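Visitor: My questions will all concern the structure given below.
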Amino acid sequence: MSLMNVTPAPASMSTPFPMQSLPGVPVLGVLPELQKNPLRVMERATLEHSPVVRLPLPLVEGFIISDPKLVEHVLVGNSRNYVKQTRGYEMLRKVLGNGLVTSEGEFWKRQRRIAQPAFHRERMLAFGEMMTTATTDMVNGWQPGKPFDVANEFMRVTLRLVGETLLSSDVTSSASEVGQAITVALEHLIHRTLHPFGFPEWVPTPRNRSFQKALSQLDRVVLGMIASRRDGSGPKNDLLAMLMEARDPETGEGMSDEQLRDEVMTIFLAGHETTANALAWTMVLLGKSPQVEQRLVKELTDVLGGRVPTMSDVPKLTYTAMVLKESMRLYPPVWSLARRVVETEVIDGVTLPKDAIVFICSYALHRHPDFWKDPEAFDPERFAADAPQPVKGAYLPFSMGQRKCIGDTFAMVEATLVLATVLQRMHLSLVPGQQFTPEPVITLRPLGGVQVVASKR
Ligand code: HEM
């Protein structure tokens, strides 16, 4: 439990809401505004109303919390009382099924235990060379002077890498198909989350039909990976092997194809989209901050002296890691989290009623002036070893507590090696006139991509 004053609510409590409520229209509340710009609504609510504000919504009670202690309470201190039974996760289950991100309880715990060894540091050692080779192949494909979308390039390289490292599968030939299918699926999910009164998936509207098509494309790729390993000829120590070999301690049975599909789809999606977006935003920020880029390139020269980086260089690339952390502060790839309250709790005088949905907007917490000095500035020094630690609960790129990202180390290593391999050889300038609007489609993407021109260093 956290050190907060927590009292279970009396059974008879009629839920008074001692806190402010965002203004909204009758019946629909703030839903129309959320549909237009969810990021802006969440950001305003977090920045202007502390520690908690009610979000008037149809069908559910919503609250946005912005007090880091409260955030820690929900995600760590009493996380058992805050579950993933929310509309957003229900939508996500349409693509990910019941995999590590979406499952809960004892089942989730077992699956996490099975998957965890695939992410141990020692396992990671084998991945370094795959990461730099894939990045070198990507850079070799760039034509100096010719504009291209580097966000799309990062999607492709991270997709290739999650396939090669954790699933030992070559997905490069289907990268474009997969990329498009993922975009269609994620856009559909956020649309459905924000439009609860739309047609259900079985009604063959054009939107639903493209979603179903995207889902079948993704299924084909994922089921193909599983099928090609069923004869047992593949590697024995990657994540897919661990999942396939796991046996239920009571029944002795292995995972069904359906469960394997859900876990693989989850890793496939969670394991590349997020890192690709972190890298894309990093390029945007570096493109606008030549001094930071210069310092980063100096570190690469000092540490690597022109060599391709290896795993053992990663701990030495400290400024590169600081840049990535600061980039994920300003543009956290997972920009918000949501949980449903199991039992009413009164925390430091704030009542969170049973079945209410609690939203935590990492994007806004990361820009809150109470917790960050000059919050809009891109300043990697915040994450220097001798700088004060960020306020606990106010920096959540990978979330915290038992549902924290399983791939956080993998992602940091991958992003560091990709960034170092690219910037050591190339300078990327942003094509002028771009807005770089954050588009919150489950993950936070730069709307329309990031057009750059590469030149050799
Ligand atoms: C910069 C990159 C990444 C970011 C910002 C990120 C962020 C997050 C966040 C915030 C969560 C919690 C989500 C929630 O509460 O619903 C999460 C969970 C998860 N992430 Fe990541 N992630 C990244 C990379 C990865 C990678 C590379 C993998 C796998 C290869 C991965 C796999 C997962 C899984 C399986 C979960 C669910 C964990 C659980 O509940 O047990 N992520 N991630």
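Where a number appears in this text, it was derived from the coordinates with a stated rule and is not lab data. Predicted model only: the values in this text are computed from it and were never measured. With ideal geometry, Cβ positions are generated from the backbone for all residues, glycine too; neighbour counts draw on all protein chains shown.
Visitor: Among H195, H368, rank each residue by its count of other Cβ atoms within 10 Å, from fewest to most, as a rough exposure measure.
Guide: By the 10 Å Cβ count, ascending, the order reads H195, H368.
Visitor: Using alpha-carbon pairs under 8 Å, 6+ residues apart, how would you state the relative contact order of the chain in percent?
Guide: Across the chain, relative contact order equals 25 percent.
Visitor: Filter the cross-link list K316/K456; K69/K404; K298/K325; K354/K404; K36/K146 down to pairs whose alpha-carbon distance in this structure exceeds 26 Å.
Guide: K36/K146
Visitor: Determine which aspartates and glutamates satisfy two conditions relative to K213: a Cα distance under 14 Å, and not lying fewer than 8 residues away in the same chain.
Guide: Excluding near neighbours in sequence, the set is E177, E187, E201.
Visitor: How far apart, in nm, are two points set 7 Å out from the Cα along the Cα-to-Cβ line at T437 and at A385?
Guide: In this crude spin-label approximation the distance works out to 4.3 nm.
Visitor: Let me ask something else. What distance in nm separates the simple spin-label points at T172 and Q294, each placed 7 Å from Cα in the Cβ direction?
Guide: For T172 paired with Q294, the spin-label model returns 3.7 nm.
Visitor: May I pose another question? Please state the shape class of segment 269-337: rounded when a/c is under 1.5, otherwise prolate if a/b exceeds b/c and oblate if not, all from the C-alpha gyration tensor.
Guide: Oblate.
Visitor: Assuming 0.36 nm per residue, please report the length gained on full extension of the stretch E104 to T205 beyond their Cα-Cα distance.
Guide: 33.2 nm
Visitor: Ordered by packing density, taken as the mean number of other Cβ atoms within 10 Å over each peptide's residues, highest first, how do 157-164, 126-133 rank?
Guide: The peptides rank, most packed first, as 157-164, 126-133.
Visitor: Same structure, new question: Using the crude model of +1 on Lys and Arg Cβ and -1 on Asp and Glu Cβ, and no other charge, please compute the dipole size for the chain relative to its Cα centre, in debye to 20.
Guide: 420
Visitor: For the chain, build the charge dipole from Cβ charges (+1 Lys, Arg; -1 Asp, Glu) around the Cα centre, then report which of H195, A384, L260 sits farthest towards its positive end.
Guide: Of the listed residues, the answer is H195.
Visitor: Would you mind ranking T282, T102 by Cβ crowding within 10 Å, fewest neighbours first?
Guide: Ranking T282, T102 by Cβ neighbours within 10 Å, fewest first, gives T102, T282.
Visitor: What residues of segment 77-114 lie in the reach of a label at E253, counting those whose backbone N is under 20 Å from a point 7 Å from the Cα along Cα→Cβ?
Guide: 97-100, 103-114, by backbone N distance to the label point.
Visitor: Towards the positive end of the charge dipole of the chain, with charges on Cβ (+1 Lys, Arg; -1 Asp, Glu), say which of W142, A241, V171 has the farthest Cα.
Guide: So the residue furthest toward the plus end is W142.
Visitor: With a ≥ b ≥ c taken as the square roots of the eigenvalues of the C-alpha gyration tensor of segment 79-187, please select rounded if a/c is under 1.5 and otherwise prolate if a/b is larger than b/c or oblate if it is not?
Guide: Oblate, because a/c is 1.5 or more while a/b does not exceed b/c.
Visitor: Also, I was wondering about something else. By count of other Cβ within 10 Å, fewest leading, how are H49, H272 ordered?
Guide: Listed from fewest to most nearby Cβ atoms, that is H49, H272.
Visitor: Per the helix-only calculation at 222 nm, which mean residue ellipticity applies to the chain, given -39500 (n - 2.57) for every DSSP H run of n ≥ 4 and division by its residues, nearest 500 deg cm²/dmol?
Guide: Helix contribution divided over all residues of the chain: -14000 deg cm²/dmol.
Visitor: For segment 269-302 and segment 18-87, write down the distance between their C-alpha centroids in whole Å.
Guide: 31
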